[in-house]
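Here's the structure, in structure tokens; my notes come after.
The values are calculated or read from the model by the stated rules, or taken from the named source; none is laboratory data. Since we're looking at a predicted model, the values are computed, not measured. Positions of Cβ are generated from backbone atoms using ideal geometry, with glycine treated the same way; all protein chains shown enter the neighbour counts.
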Amino acid sequence: MRGATERRKLAWLMRFISTPEKVRTEKDPIAAALAAKFPGVRMPNLGITEIDAADLISYIQSETSRLVEGTQDTPAAHANHRHAH
């Protein structure tokens, strides 16, 4: 997903994340090109709301920026990091 927000318009990303099957059904040329490039890999409909899609896009943008700026986390930075599950 790195750089996806630079390669695609935000409106398209919102639609594809929220309703991927609808975008494919409409014969969207970008979705068709992705399907041809990555056969067998399809974005599933995860029931993501537009608000959640916007949050996801914002996260992708911030992570892309972080990686481009060279502030990648090192393994040592994650040594004491714990995820709450």
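Scanning the stretch 26-56 for residues that are surrounded by 10 or more Cβ atoms within 10 Å (Cβ to Cβ), at pLDDT 90 or above and outside any loop (DSSP other than H, G, I, E, B) yields a total of 11.
Among the residues of the stretch 1-20, those identified as touching a residue at least 12 places away in the same chain (Cβ under 8 Å) and closer than 15 Å to Glu50 by Cα are Leu10, Trp12, Leu13, Met14, Phe16, Ile17, Ser18, Thr19, Pro20.
One line per residue, one yes/no per condition, for (1) over 11 Å from the mean Cα position of the chain (by Cα); (2) closer than 18 Å to Leu56 by Cα:
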residue: Thr5; (1), (2): no, yes
residue: Thr19; (1), (2): yes, yes
residue: Glu26; (1), (2): yes, no
residue: Leu34; (1), (2): yes, no
residue: Phe38; (1), (2): yes, no
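For the stretch 57-85, filtered to residues that are β-branched (Val, Ile, Thr) and modelled with pLDDT of 50 or more, the residue that is surrounded by the fewest Cβ atoms within 10 Å (Cβ to Cβ) is Thr71.
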